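Enquirer: Here it is, the structure in full.
The values are calculated or read from the model by the stated rules, or taken from the named source; none is laboratory data. Computed from a predicted model, the values in this text were never measured in an experiment. Glycine also receives a Cβ, built like all others from the backbone with ideal geometry; neighbour counts cover every protein chain displayed.
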Amino acid sequence: MPGICFADIVAVRPDKDSLISEYRAIGAALDRGEHALALAEWDRVRRRYDSWSALVGLRFAQNTADEAARAERDYADALSPEASDLEIALKCRLLADRGPVSALAGDHAVRLWETDITTFDPAIKPELEEEARVSSQYTELLAAAKLEIGGRTVNLAGLEPYAENPDRSVRHEAERVRWRYFETHAAALDRIYDELVKLRHGMARKLGFRTFTELGYRRMRRVDYGPGDVARYRQQIVAGVVPLVARLLEIRRIEHGWDTLRYWDEALIDPAGNPKPAGGHDELVDAAAAMFDGMHPGLAAFYRLMRDGGFMDLKNRPGKAGGGFCTSFPTEGMPFIFANFNGTHHDIGVFTHEMGHAFQNWESRHQPGVDYLWPTMEAAEIDSMGLEFLSYPGIGKLVGEDAADRFRRMHLIGALAFLPYGACVDHFQHEVYANPDATPADRHAMWARLERLYMPWTDYGDLGFPNKGGRWQAKAHIYGSPFYYIDYTLAQCCAMQFWVRSRRDYTGTMEAYTALCARGGSLPFQDLVRSAGLVSPFADGALAGVVQEATSFLGV
Ligand SMILES: [Zn+2]
């Protein structure tokens, strides 16, 4: 099928007046009782706005030194609250006419809007702006890190290859360098988080919530579970996964002949050195086509559209923003993936992960409205983490056939070890927002206590800062995206269920995975999970099956 090229995408630049007149026209259609027309027009307006805003964000990320791109990004940031205002007002109006609107837009869309309108009131606009401002101080503080290691100057992301170097002294040095940076900025890190917690608590109180927790869940658009369900899930991790990870780490200690396994040994999963991609960017991009060919015809065709249309930017280069993400242009139905390859196995992880998001977005392109193009985050991560696991059979194409077994083992152990850490990050935030008057010292003590529950093996040796409960300050989500982190662990539970099934019936599992992708965000999290024949992570024993399969796969 002939595809569109990224370079051909043009987006119309909105301004406050154009948005107001578009929303006024939608309001006029509602006045006339023309609900279908109003909703269709609103969807068109939102798609156009979202495509423009995605393009602006992407162009800046591709070259942060481009002043024009930065100015356009700032313009979009300033326009965004105006667009949200108009959206919220329209959602309120639509909800007042729920009968006909539900029939046209779908029950789940209506439930999402009901949730959205409770998270905003003009009275909290100054605090929201302040929250964004303070939160970006954290991002800038971390981005400014210039760290000396091995005769080179690197940023925090550039430290990663050293942190998993097969040479133990290099890994130790990488962690010393990392935590020295955090120690140097300890006062600012505490001050920033303290301000964020107080701002968030204040907004929650103004909106009538007891603490920020309920507001935080609503901001994540969680409509079918609450903190009690999440607490029970964390308990499953403590009971089922923590002992398995402890066993795996003890085996690693013995394999290496170490007296004690230190914190800096946790990243070296494979005793022979974590497997690396078999080749650079160009080889990986080529080999991926062959891998996807062996997985699913729809996925294979879609990958060619992405590659040939220029919808991927994966090479690291000066001036490019860090990290990996998937964004999309809903006017065209095409996604775009962004990454910074660094020559480690993370390149493969981030590539298959972002391709999973992209494939879901593509498969969902015919969903009736913008609200359904992406699922809520915990469900979206099933599609991305799921593809990481479903790539196992052909992963030798990316990592070399002789390293394929070692890669699968490393990836699976990494996925298991992530669960206790992710649960700890989540539990910590529940305690933080339940105790908004806690001091920074109290928060460090909270983390240290929870760390002993979720990661009792952690031994920081001579690393002073994390020894005093400071590790959480390196996790950007805790600052910028409250309550988001558990989503990765919920999705991991589901992605691993796909893996278990794929070992018995690969083709059938790929069909179920693709069908889930095509459902997009048309249902709440647990309904999506069940629609794919998976067990909700909140059900008792949801993790038991995957832990059992992993235990036998790893032979431990
Ligand atoms: Zn993701």
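Enquirer: Please count how many residues of region 10-20 are surrounded by 10 or more Cβ atoms within 10 Å (Cβ to Cβ) and either part of a helix (DSSP H, G or I) or at pLDDT 95 or above (or both).
Expert: So the count comes out to 7.
Enquirer: Would you confirm whether any residue within region 89-109 is surrounded by 14 or more Cβ atoms within 10 Å (Cβ to Cβ), in contact with a Cys (Cβ under 6 Å, 6 or more places away or on another chain) and assigned to a helix (DSSP H, G or I)?
Expert: no
Enquirer: May I pose another question? What about residue 333, is it within 15 Å of the ligand (Cβ to nearest atom), of a type outside the set (Val, Ile, Thr), under 26 Å from residue 73 (Cα atoms) and at pLDDT below 95?
Expert: Details: within 15 Å of the ligand (Cβ to nearest atom): no; of a type outside the set (Val, Ile, Thr): yes; under 26 Å from residue 73 (Cα atoms): yes; at pLDDT below 95: yes.
No; evaluated as a whole, the condition is false for this residue.
Enquirer: For residue 82, are the conditions met, namely being in a strand (DSSP E or B), surrounded by fewer than 16 Cβ atoms within 10 Å (Cβ to Cβ) and in contact (Cβ under 8 Å) with a residue 12 or more places away in the chain?
Expert: Values: in a strand (DSSP E or B): no; surrounded by fewer than 16 Cβ atoms within 10 Å (Cβ to Cβ): yes; in contact (Cβ under 8 Å) with a residue 12 or more places away in the chain: yes.
So residue 82 fails the test.
Enquirer: Now, a different point. I'm checking my understanding of the structure. Among residues of region 396-409 that are charged (D, E, K, R) and touching a residue at least 40 places away in the same chain (Cβ under 8 Å), which one is farthest from the ligand (Cβ to nearest atom)? Before you say what the answer is, go through the steps one by one.
Expert: Taking region 396-409 and keeping what is charged (D, E, K, R), we get 397, 401-402, 405-406, 408-409.
Pick out the ones that are also touching a residue at least 40 places away in the same chain (Cβ under 8 Å) and you get 397, 406, 409.
Details: 397: 22, 406: 24, 409: 23 Å.
Among those that are charged (D, E, K, R) and touching a residue at least 40 places away in the same chain (Cβ under 8 Å), it is 406.
Enquirer: Give me a count of the residues in region 340-353 that are under 19 Å from the mean Cα position of the chain (by Cα) and either part of a loop (DSSP other than H, G, I, E, B) or within 14 Å of the ligand (Cβ to nearest atom) (or both). Reasoning before the result, please.
Expert: Step one: filter region 340-353 for residues under 19 Å from the mean Cα position of the chain (by Cα), giving 340-341, 345-353.
After this cut, where a residue has to be either part of a loop (DSSP other than H, G, I, E, B) or within 14 Å of the ligand (Cβ to nearest atom) (or both) as well, the list is 340-341, 345-346, 349-353.
So the answer is 9.
Enquirer: Assuming residue 422 fulfils every condition listed in (1) within 15 Å of the ligand (Cβ to nearest atom); (2) in a loop (DSSP other than H, G, I, E, B); (3) under 29 Å from residue 556 (Cβ atoms); (4) not aliphatic (A, V, I, L, M) apart from one, which condition is it?
Expert: Unmet condition: (2).
Enquirer: Of everything in region 360-375, what is more than 16 Å from residue 528 (Cα to Cα) and within 16 Å of the ligand (Cβ to nearest atom)? Give them in sequence order.
Expert: Passing the criteria: only 362.
Enquirer: Give the residues of region 481-515 that are within 15 Å of the ligand (Cβ to nearest atom), under 20 Å from residue 371 (Cβ atoms) and assigned to a helix (DSSP H, G or I), sorted by residue number.
Expert: 487, 491
Enquirer: Quickly run through region 531-552 and pick out the residues that are part of a loop (DSSP other than H, G, I, E, B) and either more than 22 Å from the chain's Cα centre (by Cα) or of a type in the set (A, V, I, L, M, F, W, C) (or both).
Expert: In the first step, residues of region 531-552 are kept if they are part of a loop (DSSP other than H, G, I, E, B); the result is 532-543.
Listed by number, the residues that qualify are 532, 533, 534, 535, 538, 539, 540, 541, 542, 543.
Enquirer: Those residues that are in a strand (DSSP E or B) and of a type in the set (D, E, K, R), I need them from region 308-339; list them, please. Spell out how you get there, then give the answer.
Expert: Looking only at region 308-339, we keep the residues that are in a strand (DSSP E or B), and these are 312-313, 325-329, 334-338.
Of everything in region 308-339, just one residue is in a strand (DSSP E or B) and of a type in the set (D, E, K, R), namely 313.
Enquirer: Please verify whether region 381-395 includes one or more residues that are farther than 24 Å from residue 414 by Cα, within 16 Å of the ligand (Cβ to nearest atom) and over 15 Å from the mean Cα position of the chain (by Cα).
Expert: The first filter runs over region 381-395 and keeps only residues farther than 24 Å from residue 414 by Cα, leaving none.
Scanning region 381-395, I find no residue that is farther than 24 Å from residue 414 by Cα, within 16 Å of the ligand (Cβ to nearest atom) and over 15 Å from the mean Cα position of the chain (by Cα), so the answer is no.
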